[in-house]
Amino acid sequence: MISPYYYQLLVITCINVIMALSLNLVTGCAGQLSLGHAAFMGIGAYTAGILTSVYGVPFLLALIAGGVSAALFGLIVGLPTLRLKGDYLAIATLGFGEIIRVTILNMKITGGAFGLRGIAKEANLATAAAAVFLAYWTLMRLMKSRFGRALTAIREDEVAAGAMGIDITRHKVLAFVIGAAWAGIAGGLFAHWFRYLNPSSFAFARSVEILSMVVLGGMGSLEGPVIGAVVLTYAPEILRGASDFVSRYRMFFYGAILVIMMLVRPQGLVGAGVFRNGLRLPEIHGLRGSKARRMQGPKLRTQETAKDSQQHAFAKGLGAAMPGGHRKGSTGTGVRQRGGDQHADS
Amino acid sequence: MLQQVVNGLTLGSTYALIALGYTMVYGVLRLINFAHGEVYMIGAFTGLMASQIPGLPFPAALLIAMAGAAVVGVAIERIAYRPLRKAPRLAALISAIGMSIFLRNLTLAVMGPQTRAFPVPFEVRHFSIGRLRINSFDVLILVTSVGLMIGLHFLVQKAKIGKAMRATAQDMETASLMGIDVNRVIAFTFAVGSALAAAAGVLIGMNFNAVEPSMGMMPGLKGFVAAVLGGVGSIPGAMIGGILLGMAEVMGVALLRSEWRDAIAFGILALVLLIKPSGIFGGNLQEKV
């Protein structure tokens with residue numbers, strides 16, 4: 001048997017993978033930056049923990065209730081902020097996370113700053129792993145569905161997606177609510193593994209940690225968040241012995257990871273995964289490269305504008321503009337230019 | 001009641017100073033500069049260190065803090081935002097939040113987590129006008145922030161660089177075609193915004209007698225809320241929004257319990273986004289195609 005230390009580490013990894021996958025749906029697929037993901041985890045954790053310890057509700061039911069209550073809060077935060085184009089969600093979730101933390105701190109039933117004690121140890125590696133597989137499977141199905149493609153379209157160009165008849169607000173809010181629900185379930189697992197909850201476990205730092213996992217692994221892909229979560233769960237443990245500085249100033253490194261990844265490799269460690277898994281792009285990419293050129297004849301090479309609009313149509317239709325594509329961008333904005341540049345380089 | 005108005009004014013004018021930085025940067029780059037709260041914090045630290053130099057008068061320490069923060073602000077833009085100017089918005093936003101976390105924790109590592117006291121460089125006096133009580137801090141905060149805002153108004157409306165800023169905010173590409181060095185204008189915008197945040201940081205740090213690495217987070221967020229309330233991108237909007245937010249917060253705390261202090265700001269944000277997302281003075285937020 002594996003030692004209790006590694007067993008615990010594996011459970012934590014499972015919880016982090018669910019968190020990263022669910023944030024990825026919001027940030028990676030739909031392109032909406034959420035900075036309060038840990039708050040949803042906290043809501044799920046406290047809901048499930050209180051339900052089992054105070055009201056004697058069965059574990060699985062409490063887990064689902066945690067997910068539902070987190071989803072409900074997701075709806076409350078998401079509706080006013082996601083209606084608008086822009087970056088309001090980032091600020092609103094950041095503020096929401098702080099308010100939730102303060103509210104939990106000031107409530108009686110949550111135990112306030114002393115924390116919630118006496119939760120039964122119901123979760124184990126098997127339940128955590130099962131939850132990971134369920135989360136992975138549902139999110140994979142979701143991302144490959146019409147709904148997932150609509151999210152990608154919204155991420156790439158909201159105006160164009162709206163013109164294609166996608167109900168932008170509905171899709172964004174739904175993605176946000178589903179992400180919150182899975183975060184709540186991860187929170188329930190957390191509660192029934194550690195048996196003790198403290199508001200500081202769900203503070204801003206945790207949200208940043210999860211965002212770093214998603215960004216490091218690769219936004220928008222399925223493997224990316226998993227790999228990011230595994231790496232960032234194990235790295236501090238491995239480095240703990242090597243250097244005191246690393247474990248002491250983890251947040252310092254998370255901040256640096258976010259900036260450096262955006263500057264150097266915005267698609268993440270396994271960013272190419274988006275194309276393999278989500279949209280099966282390689283084949284079509286081949287078509288774009290050689291066959292498309294042949295089909296269009298010399299017109300493509302001589303007329304810059306015609307070429308651009310051709311690429312535009314291709315890129316839009318396939319949601320091809322990848323998060324990493326922007327580095328080659330020169331002037332102008334939007335998918336048009338990015339798609340065009342990618343093509344010119346390939 | 002009148003007392004609360006004065007308290008709201010002093011608090012609000014510091015929010016306004018922070019909001020100005022957000023709104024100016026948003027005006028030219030359409031980017032929320034998440035690291036703005038950290039610039040405020042670094043400004044407070046710089047001011048604290050400068051005020052410990054013996055014999056240095058307070059206005060000089062304030063200027064040093066503003067200059068130091070301006071350098072930091074320009075550096076942030078150069079390192080974390082400029083390479084991503086043509087990138088999708090999400091990339092710049094993540095870079096911004098990363099920069100904010102990085103700076104906060106860098107300060108934490110260098111300066112330590114403890115809260116430092118801000119030595120008061122002058123004698124604190126209390127004035128009473130009827131039942132109204134005002135101390136030197138209130139006067140200093142109001143005079144300094146109003147002075148800075150008037151200065152900013154003239155800079156933006158009358159100076160050549162201000163004209164260039166307004167042109168860049170309107171249309172970056174066209175501005176650069178007209179011979180405006182857009183990079184220089186953006187760097188200048190960051191410098192001015194950061195200097196204003198630093199002034200707010202020094203004033204608040206001194207008023208509450210506390211400077212610490214995480215002090216920038218909440219004022220940073222509230223500065224943004226103030227900017228949204230006034231209309232993101234609008235300079236008079238940021239001033240009015242800041243003062244309104246300060247008033248609302250002081251009144252709210254007087255009516256409710258003080259734990260809800262931070263919730264008030266975000267309640268206002270939610271209301272503004274639901275009712276009038278463009279804010280009081282905001283223009284059309286619709287994206288141009």
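The values are calculated or read from the model by the stated rules, or taken from the named source; none is laboratory data. Model, not experiment: these values are computed from the prediction. Positions of Cβ are generated from backbone atoms using ideal geometry, with glycine treated the same way; all protein chains shown enter the neighbour counts. These accessible areas exclude ligands, DNA and RNA; they are computed on the full protein's heavy atoms, side chains included. Shrake-Rupley method; radii C 1.70, N 1.55, O 1.52, S 1.80 Å.
Worth pointing out:
- Counting Lys and Arg as +1 and Asp and Glu as -1 over every other residue whose Cβ lies under 15 Å from the Cβ of B:Ala96, the net charge comes to +3.
- Rg to Rh quotient for segment A:4-264, alpha carbon positions, Kirkwood Rh: 0.96
- Crossing angle, helix B:235-255 versus chain B [Cα axis fit, 0-90 degrees, rounded to tens]: 40 degrees
- For segment A:49-133: rounded, prolate or oblate by the Cα gyration tensor [a/c cutoff 1.5]: oblate
- Taking only Cα atoms of segment B:64-168, radius of gyration then Dmax in Å: 19.7, 58
- When A:Leu10, A:Leu60, A:Leu94, A:Leu79 are compared by accessible area at a 1.4 angstrom probe, the order from most to least is A:Leu60, A:Leu79, A:Leu10, A:Leu94.
- Scanning residues 5 or more positions from B:Asn135 or on other chains, those with amide H under 5 Å from its amide H are B:Phe127, with H placed 1.01 Å from N in the peptide plane.
- Rounded if a/c under 1.5, otherwise prolate or oblate - segment B:191-282, Cα gyration tensor axes: oblate
- Table column - 3J(HN,Hα) (Hz), segment B:267-276, Karplus curve with 6.51, -1.76, 1.60, x for Gly and Pro: x, 5, 4, 4, 4, 4, 5, 6, 8, 9
- Summing Cβ point charges (Lys, Arg +1; Asp, Glu -1) relative to the Cα centre of the protein assembly as shown gives a dipole of roughly 1320 debye.
- Dipole in debye (nearest 20) - segment B:1-144, about Cα centre, beta carbon charges: Lys, Arg +1; Asp, Glu -1: 400 debye
- Cα-based shape type of the protein assembly as shown, given that a ≥ b ≥ c are square roots of the gyration tensor eigenvalues and the cut on a/c is 1.5: oblate
- Most mobile of B:Val185, B:Val225, B:Val120 in a GNM of chain B (Cα contacts under 10 Å): B:Val120
- Over 24 Å [Cα-Cα, chain B], rounded percent: 49 percent
- Rounded to the nearest 10 degrees, the angle from helix B:58-76 to the longest Cα principal axis of chain B is 30 degrees.
- Residue by residue, segment B:196-202 carries 3J(HN,Hα) couplings of 5, 4, 5, 4, 4, x, 5 Hz when phi is fed to the Karplus relation 6.51 cos²θ - 1.76 cosθ + 1.60 (θ = phi - 60°); x denotes Gly or Pro.
- Residue-by-residue Karplus 3J(HN,Hα) for segment A:52-58, coefficients 6.51, -1.76, 1.60, Hz, glycine and proline x: 6, 7, 8, 9, x, 6, x
- Relative to the longest principal axis of the Cα atoms of chain B, the long axis of helix B:217-230 makes an angle of roughly 70 degrees.
- Cα pair count fraction exceeding 15 Å, expressed as % - segment B:181-239: 61 percent
- Taking chain B as a Gaussian network of alpha-carbon nodes connected by springs under 10 Å, the highest mean-square fluctuation of the residues B:Met149, B:Met217, B:Met111 belongs to B:Met111.
- Among B:Glu38, B:Glu259, B:Glu249, residue whose mean-square fluctuation peaks in a GNM of chain B (springs only between Cα atoms under 10 Å): B:Glu259
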